[in-house]
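Quick notes on the structure that follows.
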């Protein structure tokens with residue numbers, strides 16, 4: 001499994017996430033997802049790198 005797959009799952013899930021639910025959505029074993037999470041470390045910056053191309057960022061300044 002790639003981190004992009006897991007991040008996509010997190011973005012698509014509006015409720016609580018779990019390895020069991022992820023295993024059903026991603027069609028892999030609970031153990032495989034658990035091992036993936038234990039072997040990686042994710043930050044908000046990692047998430048932003050994956051989704052930034054699909055975001056429409058707007059900035060307004062009021063003074």
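Within region 24-36, take every residue that is more than 12 Å from residue 5 (Cβ to Cβ) and in a helix (DSSP H, G or I) and give me the one that is modelled with the lowest pLDDT.
Among those residues, the one meeting the criterion is 24.
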Report task. Give region 25-39 a look and list any residue that's in contact with a helix residue (DSSP H, G or I) (Cβ under 9 Å, 6 or more places away or on another chain) and loosely packed, with under 12 Cβ neighbours inside 10 Å, or say none. Result -> 29, 31
Report summary line: Residue hits (region 13-22; in a helix (DSSP H, G or I) and touching a helix residue (DSSP H, G or I) at 6+ places or on another chain (Cβ under 8 Å)) are 19, 20, 22
**Report entry** Test: residue in region 46-60 that is surrounded by 13 or more Cβ atoms within 10 Å (Cβ to Cβ), free of Cβ contacts under 8 Å to residues at least 60 places away in the same chain and farther than 14 Å from residue 4 by Cβ
**Finding:** no
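The values are calculated or read from the model by the stated rules, or taken from the named source; none is laboratory data. Every value quoted in this text rests on a predicted model; they were computed, and no experiment measured them. Please note: Cβ atoms are built from the backbone with ideal geometry, for glycine as well, and neighbour counts cover all protein chains shown.
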